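Rule-based calculations on the coordinates, nothing more; no lab input. Since the model is a prediction, treat every value here as computed from it, not as a measurement. For neighbour counting, all protein chains shown are included, and Cβ atoms are generated from backbone atoms with ideal geometry for every residue, glycine included.
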Amino acid sequence: MEDPVEADVTTAEVYSLPECDFCQRQGVEKEAHYDGKTNLPGEPWGNMCEEHYAQYGTGLGLGVGQKLIVSREDKEQLREQESEAYQRDLENGDDLG
């Protein structure tokens, strides 16, 4: 087991990247690569793209923020589960369309 003191607290693994909160407000769809505290009053925390993190982010670390990393393992597991479910549906004659 990994020692919590030695654990990397600057990154977080996610299944998929969320939308940038700031871009969304502008009607723009852009992936967020950071989840962290902001330097804005009344906006203590948010999902941020690279640009908005550079503008509003306060750093990386425990209680400050993390760089979001897409977990390949989770994607592969989900793909396998979806494929297995699809095959079961086909075998059971379920309507897939």
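Counting other C-beta atoms within 10 Å, and keeping those with at most 15, which DSSP coil GluC sites (Glu not before Pro) do you find in segment 7-39?
Sparse-neighbourhood loop GluC sites (Glu not before Pro): 29.
At 7 Å along the Cα-to-beta-carbon direction for both residue 83 and residue 25, put a label point, then send me their distance in nm to one decimal.
4.3 nm
Starting from the Cα-Cα distance between residue 69 and residue 90, subtract it from 0.36 nm times their residue separation and give me the gain in nm to one decimal.
Additional length available on full extension: 4.1 nm.
For q values of 0.15 Å⁻¹, compute log₁₀ I(q)/I(0) with the Debye formula on a Cα-only model of segment 11-92, without solvent.
Log-scaled intensity ratios, in q order: -0.60.
Mean separation of Cα pairs under 8 Å and 6+ residues apart, divided by the residue count of segment 11-92: what relative contact order is that in percent?
Here the relative contact order equals 32 percent.
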